[in-house]
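Visitor: Here's a structure for you.
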Amino acid sequence: MSHHHHMSAIARIDVKFNECDPMGIVWHGNYLKYFEEGREAFGKAWKFDFLEIFNKGFSVPIVHVNCDYKRPLVYRDVALVETTYRNTPAAKIIFDYVIRKESTHELICKGSTTQVFVNKDNMKLSLVVPDFFSAWMAQKKAK
């Protein structure tokens with residue numbers, strides 16, 4: 001599915017006991033944590049460093065999340081989280097996620113997160129893409 005111009009990465013997650021409800025099913029809120037692990041894997045794969053963004057004077061809070069649940073994960077399942085960077089001209093970072101169960105490849109859920117650039121000194125929203133981020137994008141497109 002991933003074309004060469006798609007930037008994506010896969011995180012492998014073992015479902016832990018403490019992520020499940022008393023019936024052994026993953027609590028819905030934990031999928032946001034799986035998305036976060038997906039972003040970490042993406043960061044490693046594509047040299048996309050949230051700490052560097054912070055060091056350049058920005059914080060990138062999540063302002064929107066969506067998640068469509070198809071099937072549950074249960075204790076001891078292994079989940080594969082595919083995280084794909086969505087190209088947008090806006091001053092936003094949007095990731096799309098697809099979570100599948102490793103053993104059967106069943107679709108577990110799909111979702112996305114939207115982050116914005118906020119100046120960490122005055123907490124003002126940046127309406128333009130910061131230069132260093134444009135540079136990262138240009139470098140990735142050139143590959």
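The values are calculated or read from the model by the stated rules, or taken from the named source; none is laboratory data. What you are looking at is a predicted structure, and each value in this text was computed from that prediction instead of being measured. FYI the Cβ positions are ideal-geometry reconstructions off the backbone, even for glycines, and counts take in every protein chain you see.
Visitor: Considering every residue within the stretch 73-86, establish whether at least one is touching a residue at least 24 places away in the same chain (Cβ under 8 Å) and farther than 29 Å from Phe17 by Cα.
Guide: yes
Visitor: Here is a follow-up. Here is a list of conditions, (1) under 22 Å from Ala135 (Cα atoms); (2) without any contact (Cβ under 8 Å) to a residue 12 or more places away in the chain; (3) small (Gly, Ala, Ser), and Gly29 meets all of them except one; can you say which number that is?
Guide: Among (1) under 22 Å from Ala135 (Cα atoms); (2) without any contact (Cβ under 8 Å) to a residue 12 or more places away in the chain; (3) small (Gly, Ala, Ser), the lone unmet condition for Gly29 is (1).
Visitor: Here is a further query. Just to check your reading of the model, which residue among Lys141, Lys92 is basic (Lys, Arg) and surrounded by fewer than 15 Cβ atoms within 10 Å (Cβ to Cβ)?
Guide: Exactly one residue qualifies, and that residue is Lys141.
Visitor: Can you name the condition, by its number, that Val118 falls short on among (1) within 27 Å of Gly24 (Cβ to Cβ); (2) surrounded by 14 or more Cβ atoms within 10 Å (Cβ to Cβ); (3) β-branched (Val, Ile, Thr)?
Guide: Result: Val118 passes all but (1).
Visitor: Which residues, counting only those in the stretch 45-86, are out of contact with any Lys or Arg (no Cβ under 7 Å at 6 or more places or on another chain), part of a strand (DSSP E or B) and more than 19 Å from His28 (Cα to Cα)?
Guide: Matches in the stretch 45-86: Thr84, Tyr85, Arg86.
Visitor: Hey, among Lys110, Lys101, Lys70, Lys92, which residue is modelled with pLDDT of 95 or more, in contact with an Asp or Glu (Cβ under 7 Å, 6 or more places away or on another chain), over 14 Å from Leu32 (Cα atoms) and charged (D, E, K, R)? Explain how you work it out, then say what you get.
Guide: Numbers: Lys110 fails: over 14 Å from Leu32 (Cα atoms); Lys70 fails: in contact with an Asp or Glu (Cβ under 7 Å, 6 or more places away or on another chain); Lys92 fails: in contact with an Asp or Glu (Cβ under 7 Å, 6 or more places away or on another chain).
Among Lys110, Lys101, Lys70, Lys92, only Lys101 is modelled with pLDDT of 95 or more, in contact with an Asp or Glu (Cβ under 7 Å, 6 or more places away or on another chain), over 14 Å from Leu32 (Cα atoms) and charged (D, E, K, R).
Visitor: Now a separate question. Among the residues of the stretch 51-70, write down those that are closer than 20 Å to Arg12 by Cα and surrounded by 13 or more Cβ atoms within 10 Å (Cβ to Cβ).
Guide: Just the residues of the stretch 51-70 that are closer than 20 Å to Arg12 by Cα, to begin with: 67-70.
The answer is Cys67, Tyr69.
Visitor: State all residues of the stretch 9-44 that are in a strand (DSSP E or B) and more than 14 Å from the chain's Cα centre (by Cα); if no residue qualifies, say none.
Guide: Answer for the stretch 9-44, where residues must be in a strand (DSSP E or B) and more than 14 Å from the chain's Cα centre (by Cα): Asp14, Cys20, Ile25, Val26.
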